[in-house]
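Trainee: Supplied in structure tokens, the structure appears directly below.
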């Protein structure tokens, strides 16, 4: 009898231990990561589009361990910032690209990636690539996912899952300048008819509506990246024939103008959308710090693309099988003419996860997850 009682108590204690461990694990795990944006975070959606913007060719993905170095459609040599953040926040699988055939059933409960190379806030952005998913379409696609989550979990649990256990990460805006307003030849008409102030206001007003739509579908935890120093990427340095330590003033000035308005928008949304937390990622200052002080972080160059061709900084032709490729990929801030290397993405992700308000405010991403 005593033995039976002993085993009952032991079983009860083990159950309590398991429950407390489960509670702790749930607290420290990210339920889902929903990723929106452009080629900086595209994980393969453009593979399924008839588009001129693709990265599913080698040597892209050469350091992506999950596929043994095969390309996935990520525009870098390894993981994107979105991949690294998801891993660090306890997500067991990478967010699956929405257009991929396996983006169904329980797989979507780890998160879905809607990002698309060439996509922007404005629908006209990226038309040079023929096809791409702009933010409006990406949010249309999320509404499909949202209904699927209702079916998988039931309406009440689905709402809790999306609002409390999911993070919505949005990295967009650079293409609205690079592949719209600043595009040689195609954009001259737009620049004549629309001042920079008016163009930026157009972006902000569209973005406000897009973020509000996500809120209406129960999104509550947001991280919004501002536009990086687009005047300093190898492509801009090469086509403008700049020196190593120079950047294109107009491009950076437009990015800063937009970023100032974005900061206001984030504050406005935090005030006006009850229960939501909008976190602003200061990508501009973070990446500029890497570009200016690259040697401090173990890089040998922040001006030359590791993989690319053309001009002084290999900055004209995108990375592909015929490109020249550096042997020291982890010593280059830029993988190709436009996109950071995995080594740079790791440094940026670390600051977003654990950094202070210089780079991520009002709270960092670990704190956002635990809200």
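Trainee: Taking the condition of being touching a residue at least 40 places away in the same chain (Cβ under 8 Å) and within 20 Å of the chain's Cα centre (by Cα), how many residues in the range 243-268 meet it?
Mentor: Total satisfying the criteria: 6.
Trainee: Just checking, does the range 224-240 include any residue being in contact with a helix residue (DSSP H, G or I) (Cβ under 9 Å, 6 or more places away or on another chain), at pLDDT below 95, surrounded by fewer than 20 Cβ atoms within 10 Å (Cβ to Cβ) and farther than 23 Å from residue 366 by Cα?
Mentor: yes
Trainee: Could you count how many residues in the range 123-149 are within 17 Å of residue 204 (Cα to Cα), modelled with pLDDT of 95 or more and more than 17 Å from the chain's Cα centre (by Cα)?
Mentor: Qualifying residue count for the region: 0.
Trainee: For the range 200-223, enumerate the residues that are part of a helix (DSSP H, G or I) and either in contact with a strand residue (DSSP E or B) (Cβ under 8 Å, 6 or more places away or on another chain) or at pLDDT below 95 (or both).
Mentor: 211, 214
The values are calculated or read from the model by the stated rules, or taken from the named source; none is laboratory data. Since this is a predicted model, take the numbers as computed values, not measurements. Note that each Cβ is placed from the backbone with ideal geometry, even for glycine, and that neighbours are counted across all protein chains shown.
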